Amino acid sequence: MSEYEKVRVGKLVLKGEKQKSKKRKHKPKKEKTETPKIDLDCTKHGNWWGVTKIEQIVGPIAIEFGSHTYVKALDNGLFTLGAPHEDGQGPSPEEILTAVPINERKVAFKSGYNKYLRVEKNGVITGRSDAIGAMEQWEPVFEGGKTALIGYNDCFLSVSPEDDTVVANAKKAGEEQYLTLRSQTIKEDTSQADAGTEDQGNVKQIEINYIKKFQKFQDKKMRICTEGTDKLKKAQEEGILHESLLDRRSKMKADRYCK
């Protein structure tokens, strides 16, 4: 093999001539812009989004049964199921209620006639109350992606299939009792904020967090229930931790919501 074949052949460089180095052209990096997520369900309902927890039940609220049909207030103090709406339409003014939070578990609803919804003895829902009492309090239930409302008589809200009258006479929740609570208030993104909420830590720490949040004593001294936390751990597993915490604070008279 010739010795010349072993030499790497390159560009001829003359004496005194500087060899130019090749510069790589860097393409400008395109900034990644996150496209906002579109809530199709909210869009279909005229920007009224579905509530998933009790903290979101505040301000204007509509109670939807089925698809695009809402509980409607009548001028005689009764309630019925309104006519269906088309995609993109929200509830009508007479189908919009005002939610009033009572405590961690219960809320009240006021109609456009400035009257509170209550359960009568026969189970019929009326809007004729000027103040909130036991019969005007409602407990929302969120379980398995479904929502229901329980009245003071321990019955679930539904619509009578006979005359579309709104009633609360079912002891168990089924398809007729499942509903959607819709809100038009600004929906906050709590994905980052949830990391620092009162529900962090073990059950003992969670109880202390809520006592600090809701205690009503002027001396700011905490009153902690002396009972063991075994029941709290069981309640956490069953999904009723907040209810158990409220009961324990009630015994200590350590909550501004307790009477």
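Quick notes on this one:
- Residue check for residue 197: modelled with pLDDT under 80, more than 30 Å from residue 73 (Cβ to Cβ) and of a type outside the set (Lys, Arg): yes
- Any hit, the range 167-184, residues being within 24 Å of the chain's Cα centre (by Cα), within 22 Å of residue 93 (Cα to Cα) and in a loop (DSSP other than H, G, I, E, B): yes
- Residues of the range 55-95 satisfying the condition of being in contact (Cβ under 8 Å) with a residue 60 or more places away in the chain, under 22 Å from residue 158 (Cβ atoms), aliphatic (A, V, I, L, M) and part of a loop (DSSP other than H, G, I, E, B): 57
- Residues in the range 117-141 that are of a type in the set (Lys, Arg) and either touching a Ser or Thr at 6+ places or on another chain (Cβ under 6 Å) or surrounded by 16 or more Cβ atoms within 10 Å (Cβ to Cβ) (or both): 118 alone.
- Across the range 142-163, the number of residues qualifying as touching a Leu at 6+ places or on another chain (Cβ under 8 Å) and exposed (fewer than 15 other Cβ atoms within 10 Å of the Cβ) comes to 0.
- Considering the range 221-241, and only residues there that are of a type in the set (A, V, I, L, M), touching a helix residue (DSSP H, G or I) at 6+ places or on another chain (Cβ under 6 Å) and at pLDDT 75 or above, the residue that is nearest to residue 140 (Cα to Cα) turns out to be 241.
The values are calculated or read from the model by the stated rules, or taken from the named source; none is laboratory data. This is a predicted model, so every value here is computed, not measured. Here Cβ is always computed from backbone atoms with ideal geometry, including for glycine, and neighbour counts include all displayed protein chains.
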